[in-house]
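The structure under discussion appears below in the form of structure tokens.
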Amino acid sequence: MKDSFHANTKIIGLLGHPIKHSYSPFVQNVAFEFGKLDYVYLAFDVPSVNLENALNGVLALGMKGLNVTLPHKEKITRYLDELSEEATTIGAVNTIVNDQGKLIGYNTDVTGIIETLTPFKEQITGSTVTVLGAGGGARAAIYALIRHFKPERINLINRTVQRADSIQNYFSTKMRYDGFKTMDLFPPDIVETLRSSSLIINATTIGMFPEMDDTITNIEESFSSSQIVFDLVYNPTKTKFLKLAESQGATIMGGLKMLVSQAAKSFELWTGVKMPVDKISKSLELYISK
Ligand code: NAP
């Protein structure tokens, strides 16, 4: 890890609340080191009420950019000067570039989701899929599904069903997709819905560090061996939800590949340089295994 900083060192921040689960500071600082780039990446635990002040701080301090994580990805869009086309359609931002005093928002979670799911494209197209969650991660997943994978139906399940309904309305208008069905997160009612899906994506925080014993379902019948189950949660690398899906023969994926893919795209937006993705993935695996 870099051991010296200078007057010209460029600062990138991560805004979230909570923030302790994040591996992004490790990923980005190792990548800066590999690329011999004079940058540093720091995490800031910022509650929602301080979001606008934090952005003023970014401008006042001349920071080069930010990552934005839960729960701020949607709210932060209202304080930015410009949004990329993808971020505009999704309605959520996870990366900000300070372009000479102008804050420009991007969504690189989409890149991470597309890269993770591309090997399964044939299986997803024209099928029924289920997305759990209605926050920033879920919005990126829904955008990626509609634009790149084209499922016939998307079941959208969320604890606060009004939030799922509002996503349905939003994407029906923005992307003219009419295959949504929304519902409450009520096990065991959701068992049949999960089981009948070719792909299940968990975009809730359920099972994330430190609440690792939590899971969306304990019911084995929720899964089958022909399914793909993708959990955006990357800490722990294999959630309780994924372990159960795996025990029923499903093909499982945790959030680590997505984490590195979205980080690589953000890194490129800030520095103009490509991240050495294979080297960073290996360093991250080693870091986590310690
Ligand atoms: P977010 O915007 O804060 O949304 C959180 C979602 O989780 C909401 O749907 C919320 O439901 C639900 N939720 C929270 N606590 C719950 C509980 N106790 N029971 C049921 N539902 C609950 O968060 P986000 O940014 O979308 O992130 C969601 C997860 O994806 C996090 O674990 C995050 O680390 C992960 N993620 C990973 C990557 C990656 O690169 N691998 C990228 C993005 C996100 P309500 O609407 O009812 O509150």
Tell me, which strands (runs of 3 or more DSSP E) lie completely within segment 87-142 with 3 or more residues that are modelled with pLDDT of 95 or more and closer than 21 Å to K257 by Cα? 128-132
Criterion first (buried (at least 22 other Cβ atoms within 10 Å of the Cβ), more than 12 Å from the ligand (Cβ to nearest atom) and over 16 Å from M253 (Cβ atoms)) does Y170 satisfy it? no
Determine, yes or no, whether D165 is part of a loop (DSSP other than H, G, I, E, B), among the charged types (D, E, K, R) and in contact (Cβ under 8 Å) with a residue 12 or more places away in the chain. no
Scan segment 80-134 for residues that are small (G, A, S) and under 23 Å from L66 (Cα atoms) and jot them down. S84, A87, G91, A92, G101, G105, G112, A134
Please specify each residue of segment 170-225 satisfying the condition of being over 19 Å from L145 (Cα atoms) and of a type in the set (S, T, N, Q). T205, T215, T217, N218, S222, S224, S225
Segment 105-140 - residue that is within 19 Å of L55 (Cβ to Cβ) and in contact with a Gly (Cβ under 9 Å, 6 or more places away or on another chain) and, of those, nearest to the ligand (Cβ to nearest atom): G136
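Among the residues of segment 1-17, count how many are at pLDDT 95 or above and not hydrophobic (A, V, I, L, M, F, W, C). Break it down into steps so the answer makes sense when it comes.
Going through segment 1-17, the residues at pLDDT 95 or above turn out to be 9-17.
Among the residues that remain, those that are also not hydrophobic (A, V, I, L, M, F, W, C) are: 9-10, 13, 16-17.
Within segment 1-17, residues that are at pLDDT 95 or above and not hydrophobic (A, V, I, L, M, F, W, C) number 5.
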What do you reckon, is V58 in contact (Cβ under 8 Å) with a residue 60 or more places away in the chain, in the same structural domain as I280 (by TED's automatic domain parsing) and surrounded by 15 or more Cβ atoms within 10 Å (Cβ to Cβ)? no
Collect the residues in segment 14-52 that are within 24 Å of T237 (Cβ to Cβ), part of a helix (DSSP H, G or I) and not polar (S, T, N, Q), keeping them in residue-number order. P25, F26, V27, V30, A31, F32, E33, F34
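The values are calculated or read from the model by the stated rules, or taken from the named source; none is laboratory data. Remember, it's a predicted structure, so these values are computed and weren't measured experimentally. Cβ sites come from the backbone with ideal geometry, for glycine too, and all protein chains shown count toward neighbours.
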